[in-house]
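Readers should treat all values here as calculations from the given coordinates under stated rules, not as data from a laboratory. Values in this document were obtained by computation on a predicted structure and should not be read as measured data. All Cβ positions, glycine included, derive from the backbone under ideal geometry; neighbour counts span all protein chains shown.
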Amino acid sequence: MAYIIVLALAALIVFYVVGLYNRLVRLRNAVRNAWHQIDVQLKRRHDLIPNLVEVVKDYMSYEQETLQKVIEARGAAMNASGTASVAQAENMLTGALKSLFALMEAYPDLKANQNVRELQEELTSTENKIAFARQYYNDSVMRMNNATELFPSSLIAASFGFQREEYYVVPEAEREPVKVDLR
Amino acid sequence: MAVNRNKSVLLLAGVFLILILMGMAFGNAYGYPEFGGVAALVIAAIYVLWAYFGGRAAILAISSAQEADPVRDRQLINLVDEMRIAAGLPMPKVYTIESDALNAFATGRDPDHAAVAVTRGLINKLNREELQGVVAHEMSHIRNYDIRLMMLVAALVGAVVLLADIFGRSLWYGGSSRRFRRTSERSGSGAAILALIGIVFMILAPLFASLLQMAISRRREFLADASAVELTRNPHALATALEKIDNALEATPLPGASRATQHIYIANPLRSFGMRASALWSTHPPTAARIKVLQAMG
């Protein structure tokens, strides 16, 4: 009888440990997947920008400087490598796009153009998707970190080498509202 | 979330029980309670399977929802995509309802088989941020597995109402021939009492069903509002959206809405019991209370 109880207890513990281990794997995969979601949206933004610039440039001949900045920021973002420099370049691009959008408000003909409206909707949505993908990434990181640090899953995490994940941190500059100079 | 999945199981057990009891009462009225019970069991099994796998399509069809047009409804599809990214869910199917009413709902058995439907009026009357708030609210219902529970409730209430209706009619129209057959077979008094119980049950069942429907969905709306804000970080947009929806409710009714589906919408499209008051008879909390909670968040 005692033998059976010990066996049952051992089986229970094994199941519990396996469950915790699988949970950690699932959480880690979720974090990685969330990170790639951000990449997908960034790529989409890069693809959309040339179209927008092409359509917009005839209307905004006095704003060559802003358009040039957007193109340059896009180039820099596409060529950047390494998490930190990619983040920095993408934030530059976000800033450049924000000032372009703000300037576009001053051109009624431009805003009436169906093509421009569609592109603007796509880019606005992509901007949001990037932000929400980062938000979700951070949520996933929090869940992963909780699981690696809270008892008892911390024991499993430590013995199988699960690591804390890094949060995506918004750079200081991006927290300030965009300043628009309409001249 | 796990709570809702357990509730779904409980609810399924409840559906079985009610349908079997109704079948027995129904069969009893014709002198065959056992046959009624067994028939109801078989029908209930098929019915529950159908509700689980086909409920989404049925609810969408009843509400005359159509798949969103990828060009015309680009913004709506984008908004749903944004919110499902924020919630970390797969992309649900997006539907529109060609009505000037302002309303929206989500349905499906799980996040992999979910659908979000929004009226044309809502798309036209709300700005981008407000629409985002509404979509986030629906996405929260999907994430919390409310959609499965609400779909099953819709099926249950629909079935109870339908059966009660059939029973009522058969008593009315089939009455004389049955009474004749019964009196010739055995003494009528015992059977008559059972038939009376059946009738009482038929009256109580729809009442019970709608009580269940109300209890399930009221708290849920507050929770979905709060989770929506967690996704958008923008309580004011959802608050103004609810205000616009509330103001338009009486002016433009939603044609597809019924007793069975009223609880799945973001705001009750029927308002049959004087919904201004936060009464027992409402499937939704008063919108003013929801707006107040949202304003307090910002």
Taking Cα atoms only, Rg over Rh for the range B:22-177 with Rh from the Kirkwood formula is 1.14
Beyond 19 Å, the calculated P(r) of the range B:43-116 holds a percent of Cα-Cα pairs equal to 41
Among A:98/B:292; B:93/B:125; B:93/B:292, the pairs whose Cα-Cα distance exceeds 26 Å are A:98/B:292; B:93/B:292
extent check for the protein assembly as shown: Cα max minus min per principal axis, descending, whole Å, gives 99, 72, 36
Residue span residue B:296 to residue B:89: 0.36 nm per residue of separation minus Cα-Cα distance leaves a gain in nm of 71.7 nm
Fewest-first ordering of B:222, B:53 by Cβ atoms within 10 Å yields B:53, B:222
Rounded to the nearest Å, the spacing of the alpha-carbon centers of the range B:46-106 and the range A:78-157 is 26
Note on chain A: helices (DSSP H) long enough, at least 18 Å by alpha carbon along their axis, and hydrophobic enough, mean Kyte-Doolittle at least -0.5, are A:2-56, A:64-79, A:83-104
Listing A:12, B:41 by rising number of other beta-carbon atoms within 10 angstrom, fewest first, gives A:12, B:41
Beyond 21 Å, the calculated P(r) of chain A holds a percent of Cα-Cα pairs equal to 61
Computed about the Cα centre, the charge dipole of the protein assembly as shown from +1 Lys/Arg and -1 Asp/Glu charges at the Cβ has a magnitude in debye, to the nearest 20, of 1940
